[in-house]
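Single-structure report; data block below.
The values are calculated or read from the model by the stated rules, or taken from the named source; none is laboratory data. Here the structure is a predicted model, which means the values were calculated and not measured. All Cβ positions, glycine included, derive from the backbone under ideal geometry; neighbour counts span all protein chains shown.
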């Protein structure tokens with residue numbers, strides 16, 4: 001996955017299946033894979049002009065929703081999703097330093113039950 005940022009966090013994204021964050025969607029991106037969704041989040045500042053704090057990936061619809069907040073900012077709006085298949089991910093690298101475009105960021109995902 002290509003990104004212009006580097007992050008010192010051992011886990012760039014924390015994953016929570018069947019959870020959503022209500023009210024902070026800023027951009028909707030077509031994404032055929034979770035990797036493309038994560039890349040869109042990591043590059044949101046360059047692409048859309050805002051820091052992506054979290055994403056919600058809907059694999060059935062190939063849709064990636066980029067959020068301006070995360071579950072830690074608004075735990076009261078972090079809720080179960082009972083109808084659609086969705087994967088929620090916090091971007092632990094939000095606010096990281098910019099590096100050159102040649103820099104590759106390997107994303108390690110920790111899945112939390």
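Figures for the structure shown
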read-out	value
Whichever residue in segment 95-104 is assigned to a loop (DSSP other than H, G, I, E, B) and surrounded by fewer than 19 Cβ atoms within 10 Å (Cβ to Cβ) and, among such residues, is modelled with the highest pLDDT	95
Within segment 12-89, strands (runs of 3 or more DSSP E) holding 3 or more residues that are more than 10 Å from the chain's Cα centre (by Cα) and modelled with pLDDT of 95 or more	19-21, 25-30, 78-80
Meets criteria (surrounded by 23 or more Cβ atoms within 10 Å (Cβ to Cβ), touching a helix residue (DSSP H, G or I) at 6+ places or on another chain (Cβ under 8 Å), closer than 17 Å to residue 90 by Cβ and touching a residue at least 60 places away in the same chain (Cβ under 8 Å)) for residue 42	no
